[in-house]
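The values are calculated or read from the model by the stated rules, or taken from the named source; none is laboratory data. Note that this is a predicted model, so its numbers are computed, not measured. Please note: Cβ atoms are built from the backbone with ideal geometry, for glycine as well, and neighbour counts cover all protein chains shown. Please note that ligands, DNA and RNA were not included when accessible areas were found on the heavy atoms of the full protein model with its side chains. Shrake-Rupley method; radii C 1.70, N 1.55, O 1.52, S 1.80 Å.
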Amino acid sequence: MVHEARASRPPAAEPQTPSRPAGQRSARLPRDERRAQLLMAAQEVFVANGYHGAAMDEIAETAHVSKPVLYQHFPSKRELYLALLESHLASLTDLMLGALNSTTDNDERVQAVMRAYFQFIANDDQAHRLVFESDLINDPDVSARLETFNRTFADAIARVIAEDTKLPHLEAQLLGRGLAGMAQVSARYWLETDGNLDLDVASDLIYRLAWRGISRFPKES
């Protein structure tokens, strides 16, 4: 009896989970999550290349999205930068005002403000560089936003000074600007020390300098 030959079949291949190729676009996200993702990618590119050296192509690639998706959220590189700037300035404003209002003791207030500013830089030096060291800093829209932050911060300090010292409004405002500037400039210098000076030591030095000056005003005629 002749049996028909059966063709041998190769074993079925096991299903494989496809790996995402490099550069493949990310999954669809809710609008707020996508916006946050784009802002993070933009910050990385802006800090690395500066505003003028940054390209929307690179920002889209860093965020793993297509350019049309990027433009749906931010019609231009300028609007993307301004949105990022406003986000960081809002966070810094909340941090500074929170420190200023954390106590009614003026000594502790100065200490809290100085430490909060140094801590902001320590936690996210990219955000600080983007805000205060951008190559777009002289742009009218950028400088206006920075001035709004500086005025809000300095005015809050000035109100405390005026209440405590009874100095005239303009004099208190000048001192407020001086203290705000002291925090900003000293913290920016500390950032350049690359960790060679402890944060607590640095912020405490500036706090003691500021407090020893400002605390004398109620005692002097």
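Under a point-charge model restricted to the Cβ atoms of Lys and Arg (+1) and Asp and Glu (-1), what is the dipole moment magnitude of the chain relative to its Cα centre, in debye to the nearest 20? Could the numbers behind the result be given before it?
Details: 24 positive and 31 negative charges, 115 e Å.
Result for the chain is approximately 560 debye, rounded to the nearest 20.
From largest accessible area down, sort Thr193, Thr104; use a 1.4 Å probe on the protein chains.
Reading off the accessible areas and sorting them downward yields Thr104, Thr193.
Rounded to the nearest 0.05, what FRET efficiency do Asp141 and Leu197 have when you use their Cβ-Cβ distance and R0 = 45 Å?
Once rounded, the FRET efficiency stands at 0.80.
For the chain, what are the DSSP H helices with axial Cα length of 15 Å or more and mean Kyte-Doolittle hydropathy of at least 0.5?
Details: long enough: 31-53 (27 Å, -0.52); 77-100 (34 Å, 0.64); 106-123 (25 Å, -0.31); 140-165 (35 Å, -0.12); 169-191 (33 Å, 0.23); 199-214 (22 Å, 0.55).
Going by DSSP H runs, the hits are 77-100, 199-214.
Could you work out the helix-only [θ] at 222 nm for the chain, with each DSSP H run of four or more residues adding -39,500 (n - 2.57) and the total divided by the number of residues, to the nearest 500 deg cm²/dmol?
-23000 deg cm²/dmol
Return the tail of the calculated pair distribution for the chain, meaning the percent of Cα-Cα pairs more than 30 Å apart.
43 percent
For Thr148 and Gln72 in the same chain, what is the full-extension length gain: residue separation times 0.36 nm, less their Cα-Cα distance, in nm?
24.5 nm
With a 1.4 Å probe and all protein chains kept in place, how much accessible area does Trp211 have, in Å² rounded to the nearest 10?
Rounded to the nearest 10, that gives 70 Å².
Return the single residue from Ala127, Ala36, Ala54 with maximal mean-square fluctuation; model: Gaussian network over the chain, springs between Cα atoms under 10 Å.
Largest GNM mean-square fluctuation: Ala36.
Under a point spin-label approximation (7 Å from Cα along Cα-to-Cβ), what is the His52-Asp124 distance to one decimal in nm?
2.7 nm
Working with all protein chains in place, sort His128, His88, His52, His64 by solvent-accessible area computed with a 1.4 Å probe, largest first.
Highest to lowest solvent-accessible surface, that is His52, His64, His88, His128.
Show Ile214, Ile137 ordered by accessible area, largest first, where the area counts protein heavy atoms only and the probe is 1.4 Å.
Ile137, Ile214
Normalise the Debye intensity by I(0) for region 116-160, one equal point scatterer per Cα, no solvent, then take log10 at q = 0.16, 0.25, 0.31 Å⁻¹ and round to two decimals.
Reported log10 I(q)/I(0), two decimals: -0.52, -0.96, -1.02.
Bin by bin, in steps of 10 Å, what percent of the Cα pairs in region 23-113 do you find, going until the bin that has the longest distance?
Taking every Cα pair in region 23-113, the percentages come to 16, 39, 20, 15, 9, 1.
Taking just the C-alpha trace of region 124-221, give me its Rg and Dmax in Å.
15.5, 45
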